[in-house]
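Read-outs throughout are calculated quantities, based only on the coordinates presented, and are distinct from any laboratory measurement. Keep in mind the model is a prediction, meaning the values are calculated, not measured. Using ideal geometry, Cβ is built from the backbone for each residue, glycine included, and neighbour counts are taken over all protein chains shown.
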Amino acid sequence: MTNTKVTPGTTPLTSTQKVGLELVSRLYGGRDVVLAIDLTSSVGLNDEGRTRLRQIIEDSIKPGDFVYVIPFGSDVVLKPENSSQNPLVEPVKFTNNLPESIQQVLAKIPLVSDPNLANTDIQKAELIIYQGLAQLNQNRLQQNQGVKPQSVVWITDAPILTSPGINSSTWIETPAQSPLRIADSPESQERQAGVQISSINQRSLAIKTKNQNLNGKYNLSVADISATVQEFCTPAPGGKETCLVNPYLLKQLWLPGLISGIFLVLIIFGIFKALRLQKKWELIVDFEVTAKPEDQKCRLPHNKKIAIGTAEHDSKCIDSINCPGSEVRGYLERQGEKLYLVPTGDAPVYYHGKEVLSRILISNWQFRINCPDAKKRDYEIVFKVKK
């Protein structure tokens, strides 16, 4: 598809949209990193500069990052085929084979200055690079791809992010014919808009040099840019409005949002279930042969059991209920949210008038069992379960 050239949007992004774009960038991963290197002789990339630049590449660049090496002087060195689709240079994409990716970037970096270059047009470099980065993310928005955070590593002795219209007192090297010397020129206004679009967070480190240039030093500056795009909202028929960012975020985040929602529900369900498993059930025992409606209370945790008959040494058996005879007729065993009656076969136990011969599930929370004595006289026990 044809990508529209990025221009400052007419509608500012809301805080929710900014958070959404940040989430998209984290989901897709990767960054755009530009190494912008001033090749004029007043900089002269020295050993310290090369060491720090290599340190950035080896320690900071990660798999999934795109690295663009862009030299500049009075002009910015781009390939002739750059367009709105590829507004900068062909990047090196970092893969899991980091040594190979690092060597590919280092091979693109000019390690010495060009003695034929002079008069750094720093604002022109900012115009082209910041506008190019903004175009990359706007292309991703139009193509429903993940936007990326971006960074520019500037190596130059020129001042960065100065006000529009850079005169000789601010930076003497700007070419005399550069339209960026004029504050209200289209180029100056376009550059200022690109800087404002990018919301740049910049840090700088001064590096001394033996070259007898204006300041005897140059700066290594890192300008970080959050993942952002330009929003355009246009009135539509039917009293509606059509925008770019919200539909894009919906397409990018609905599936991760659904998965996150399901995951959250599962976590809540798991916590709820764990709490229920930790809760001990209360069994109220009523021996029908007595006049009392409540003869005994037992506490039954998960994965434990209560003996029906004389208690025996069993780590899972935490209590016992008396009945005729010296045998253990069976167990009331709790497994999670279910209660089972497990006969031992040593003496009969009846449930709903039928002898229990194998493990059965107790489906009611009030039930009756019968443990007849040796003369087959009934001995009924009523249970009420309170969770």
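What list of whole percents do you get for P(r) of the chain, with Cα-Cα distances grouped in 10 Å bins up to the one holding the largest distance?
4, 17, 19, 12, 7, 6, 8, 10, 9, 6, 2, 0, 0
Of the beta bridges DSSP finds with both residues in the chain, what % are antiparallel, to the nearest 5?
Values: 57 of 74 bridges.
Restricted to the chain, the bridges split so that about 75 percent are antiparallel.
Give the angle, between 0 and 90 degrees and rounded to the nearest 10, that separates the Cα long axis of helix 47-60 from the longest principal axis of the Cα atoms of the chain.
Result, in degrees: 30.
Excluding residues on the same chain fewer than 8 positions from residue 316, give the aspartates and glutamates whose Cα lies under 12 Å from its Cα.
Correct list for residue 316: 333.
To make sure I understand the rule: partners must be lysines, Cα under 29 Å from the Cα of residue 240, and not fewer than 8 residues away in the same chain. Which ones qualify?
Counting by Cα, and skipping residues close in sequence, residue 240 has these lysines nearby: 5, 18, 251.
Just for the range 291-336, what percent of DSSP beta bridges are antiparallel, to the closest 5? Spell out each step's value before the answer.
Numbers: 5 of 9 bridges.
The antiparallel fraction comes to roughly 55 percent.
Figure the gain on full extension for residue 275 and residue 106 (residue separation times 0.36 nm, minus the Cα-Cα span) and round it to one decimal in nm.
That pair, residue 275 and residue 106, stretches by 55.1 nm at full extension.
On the first, second and third principal axes, largest extent first, how far apart are the outermost C-alpha atoms of the range 127-224 in Å?
So the three principal-axis extents are 50, 31, 17 Å.
Would you mind checking the tilt of helix 98-108 against the longest principal axis of the Cα atoms of the chain, expressed as 0 to 90 degrees and rounded to 10?
Helix 98-108 sits roughly 10 degrees off the main axis of the chain.
So for the chain, averaging the separation of alpha carbon pairs under 8 Å that are six or more residues apart and normalising by length, what relative contact order in percent results? Walk me through the numbers on the way to the answer.
On the way: 730 pairs, mean separation 53.7, N = 387.
It comes to 14 percent, rounded to a whole number.
Which length gain, in nm to one decimal place, applies between residue 344 and residue 206 when the Cα-Cα distance is subtracted from 0.36 nm times their residue separation?
Between residue 344 and residue 206, full extension yields an extra 41.2 nm.
Helix 245-278 versus the longest principal axis of the chain: what is the Cα-based angle in degrees, 0 to 90, to the nearest 10?
Once rounded, the angle reads 30 degrees.
Ignoring everything except DSSP H segments at least 4 long, calculate the 222 nm mean residue ellipticity for the chain; use -39,500 (n - 2.57) per segment, divide by total residues, nearest 500.
After summing the helix terms and dividing by residue count, I get -9500 deg cm²/dmol.
Which entries in 297/376; 305/384; 148/217; 273/305; 273/384 show an alpha-carbon gap greater than 25 Å?
Details: 297/376 27 Å; 305/384 16 Å; 148/217 32 Å; 273/305 20 Å; 273/384 22 Å.
Result: 297/376; 148/217 exceed 25 Å.
Please give the FRET efficiency for residue 234 paired with residue 185, using the beta carbon to beta carbon distance and R0 = 35 Å, rounded to the nearest 0.05.
Approximately 0.75, to the nearest 0.05.
Describe numerically, in nm with one decimal, the distance between label points set 7 Å from Cα along Cα→Cβ at residue 357 and at residue 263.
If labels sit at residue 357 and residue 263, their model points lie 5.2 nm apart.
At q = 0.09, 0.11, 0.18, 0.19 Å⁻¹, what log₁₀ I(q)/I(0) does a Debye calculation on the Cα points of the range 275-387 give, no solvent, two decimals?
Debye output, listed in q order: -0.21, -0.31, -0.87, -0.98.
What is the pair-distance distribution P(r) of the range 138-194, computed from all Cα-Cα distances in 10 Å bins starting at 0, with each bin given as a whole percent?
20, 37, 25, 16, 2
Rounded to the nearest 0.05, what FRET efficiency do residue 177 and residue 217 have when you use their Cβ-Cβ distance and R0 = 25 Å?
For R0 = 25 Å, the calculated efficiency reads 0.35.
Sort 147, 382 so that the residue with the fewest other Cβ atoms within 10 Å of its own Cβ comes first and the one with the most comes last.
382, 147
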